[in-house]
Every structure is written in C-alpha cells, then in structure tokens.
Amino acid sequence: MNKLTFAIGLILLSVGVGSLSAQDVWEPQTNITGYISTEFNGFSELKDYRNSYGISLSEAGILTSYKPTKELIFKSVFVYRPDFTFDQMLNEANVQYSVTRGFNVKAGRFLTPLSPMNTYYYAPVNTSATLPTIISNYEFFPLNMDAISINGSAGADFSVSYDVFAGGFKNTTWMKTGPVGFFGNEIVYYKDLMGSRASYIDPSFNETYNVAFGGNLTLKYNDFMHLGFSAFKPKDDILPGFIRVEDSEVPGSFVETRVDVDLKRFNYGTNLKLKYNNTKIIAELWKGDLSTGGIDKDLEGAFVELSHNIDKITPYTRYEVKSTDDVKYERYTAGVMYKPMFETTFKLEYLMYEQEVEDIQGVVASFIYSF
C-alpha cells in the first residue's frame, strides 16, 4: 500500500509540475469583435427639421486587440458613423505596457479616461439606447485623445486607481448623430428657438487641434461602490463663432456677424456607481469654468441613472440637466434593454426634453448585432 501511495504521489507531483510549466509558457492572445447597430428616432415635433423621424445604420464597429506578452497589449477600435470623417471614426489605436499593476504606460489614441460613461460609448456595452448629453455634446472633454497615459491601481476589496494623461485632441462640439440628426445638436436647436444672441460655434472649430492634460482618481469598494474625481485642462484657444447683432438698415431685425474670441477652459467632475445584486445606480456631475472674450461663464451637466437586471431584461430610467451659456434644459428617459443572447440586443426608450421655450418628446429603438 505504501509503495502504491508513493507511486500515485509521484504521478500527481509530475502532473502538477507539468501543469505549472505549461502555465509559465505565455501564448499570444488575439481578439477581434465587432457589432452593427441600427437605430430608429421619432420626435413629436421638431421645427426646421426635414424629418421628425427616421431609421438608419447608426454604428458599425470593429474592435481588435493583440497581446504578445503578459505585459504588452495593442488595441484598436474603428466605429463607422454616418457623416463622420475617417479620423473621427478611428476611436482607438494604442499600446499599453504594464510594469506592475500599479504602474502602466499607454500611448496612442484612446478614450478620454475621465468618465466611466465615456467608456460606454460603444452601443453593445451601454445600457441605454442614448448616451447622456454630457458625453454626446463633447463640451466638457473630447471622446478621445492622442496622448500618453500613466495609470494603475492598488488594493483588493478596497482599491484605488488613477490615470493621468497629456496629449492632443481635435476640438469637437455639438456633433449631430442619429438618423434625424437631433442628438448632439440640442443646444443649437434651442438657441434658434430662443432667438439667442449668444455666440454660435463655427463648424470650422471642429477641424482645429488642441492639447490638454487631465487625470482621474477612483476609490472602489468591491463592486458595490465606485467614487471618482476628474479634471481636464485644455490649452487656451481661439473660438470662431457668430453673434446676432441688430441690423442697422432694418430696425428690429438681426444679422449674424463673425467673431473670434479667446477661449479659456477648465472642467472638472465627479462620478458615482452603486451596485447591489442586480440593481445599479450611476451618476455624474460636471462643471466647466469658461472665459470667452473676457466674459466668465459656467457650464453644468449632470445625470443619474437607475437600472435593474431581470434575467435577460434590464429596465432603466435616467434624469439629466444641462446648462450652457443661455440654454438650460432637462431630459427624462425611460427604457428597457432586452439581450436574449450575446449576439443580439434590443433597446427601446422614451425621452422628453423640458425647456422654457418648447418641450420635446421622442422614441428611440435600436437593434444591435454583435460578433
């Protein structure tokens, strides 16, 4: 019996050593995934829009990653959106090297690591059919940057993570998305309705380049609570715009005049996530200190979203408030996401904008196929 036990022990030991040796051999990892998203938008009434409803391909993305070693990973993400340029559709193209868990270096183009919701930019990983306007309007920070990032984390049940970065980005504000082209254009739409004399941003601004630095610090307790703090400081810039001034030849009427003003910005925000079993609450608050032409202005944007997963169905609701220049509105959203399998996702939501001049109601439906 002792000889048999000894023999079995040798066999088990040799298998264990063999398994350990196999684990020490790193196999390069390659992942390629993608998705196609079709979206329907319908609004109660939109003034000066050709259509108040429509359906179209909203996104088509390809995500690739290659990890030749444990420490090194290459990543790229290309997302087609109608009317976007190639540069705007190349969302990510970067490489990251991990020295330790607490110290990683990333270089290239990547999603701006300031807001958790910004990393949910891609349709399959976003619960809602629409993104909060603080993300889709790009007023507080850009979607992505060409930059260098130093990031890392420490701790187990209670952990701390950080990300500091510096680099360049293309100025982007109020870009239309969706088959109707209303999302991302809410501020311009309400300015027109109000007859605002405040500055309009010339579309040429979205073709200019700027540089910035920023950072994020997040405190985490298991998956129950995440609390983050972020700041973003771009270089002072020139803002090309238009203002409405009274027409000297036609009293009571106004004409648009081109005005270039100095633009100074500093944006900061905080975010919170609470999760208990299948119930989740996420919230963000962002503020911007702006100075245009020597006039100080405050930007504010906030949202809170509640969702609860029931097997393959996730109902959700979200409240938002946005204040920029002379436009302020609130948006209410209620919807449901149905994901019967990995490949297919259905989303349906109702939303309402409340604003002093006009309230707008809408319905958004989307179908996402992932592969």
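The values are calculated or read from the model by the stated rules, or taken from the named source; none is laboratory data. These figures come from a predicted structure and were not determined experimentally. Because the Cβ atoms are built from the backbone with ideal geometry, glycine has one as well, and the counts that use them run over all protein chains shown.
Within the stretch 240-257, can one find any residue that is under 20 Å from LEU111 (Cα atoms), crowded, with 16+ Cβ neighbours inside 10 Å and not small (Gly, Ala, Ser)? Reasoning before the result, please.
If we filter the stretch 240-257 for residues that are under 20 Å from LEU111 (Cα atoms), which is where we start, we get none.
No, the stretch 240-257 has no match at all.
Across the stretch 206-238, the qualifying residues are those that are of a type in the set (A, V, I, L, M, F, W, C) and surrounded by 19 or more Cβ atoms within 10 Å (Cβ to Cβ), and the one among them that is nearest to the chain's Cα centre (by Cα) is PHE232. When the stretch 318-364 is filtered for residues that are under 24 Å from THR279 (Cα atoms), polar (S, T, N, Q) and touching a helix residue (DSSP H, G or I) at 6+ places or on another chain (Cβ under 9 Å), only THR345 remains.
Could you list, in sequence order, the residues of the stretch 121-178 that are over 23 Å from GLY288 (Cβ atoms), outside any strand (DSSP E or B) and among the aromatic types (Phe, Trp, Tyr)? Across the stretch 121-178, the qualifying residue is only TYR122.
What are the residues in the stretch 106-125 that are of a type in the set (A, V, I, L, M) and over 8 Å from the mean Cα position of the chain (by Cα), if any? Those that are of a type in the set (A, V, I, L, M) and over 8 Å from the mean Cα position of the chain (by Cα): ALA107, LEU114, ALA123, VAL125. Residues that are at pLDDT below 95, in contact with a Pro (Cβ under 7 Å, 6 or more places away or on another chain) and within 30 Å of LYS339 (Cβ to Cβ) occur in the stretch 113-122; there is at least one. For SER161, the requirement of being more than 15 Å from THR119 (Cα to Cα), among the polar types (S, T, N, Q) and surrounded by fewer than 21 Cβ atoms within 10 Å (Cβ to Cβ) is met. Which residue out of VAL79, VAL125 is touching a helix residue (DSSP H, G or I) at 6+ places or on another chain (Cβ under 9 Å) and either under 20 Å from MET145 (Cα atoms) or at pLDDT 95 or above (or both)? It is VAL79.
For the criterion of being more than 21 Å from ASP289 (Cα to Cα) and either out of contact with any Phe, Trp or Tyr (no Cβ under 6 Å at 6 or more places or on another chain) or among the aliphatic types (A, V, I, L, M) (or both), TYR97 passes. Please go through the stretch 318-371 and pick out each residue that is free of Cβ contacts under 8 Å to residues at least 40 places away in the same chain, closer than 19 Å to TYR122 by Cα and in a strand (DSSP E or B). If the condition is that a residue be free of Cβ contacts under 8 Å to residues at least 40 places away in the same chain, closer than 19 Å to TYR122 by Cα and in a strand (DSSP E or B), then VAL336, TYR338, THR344, PHE346 are the ones that fit.
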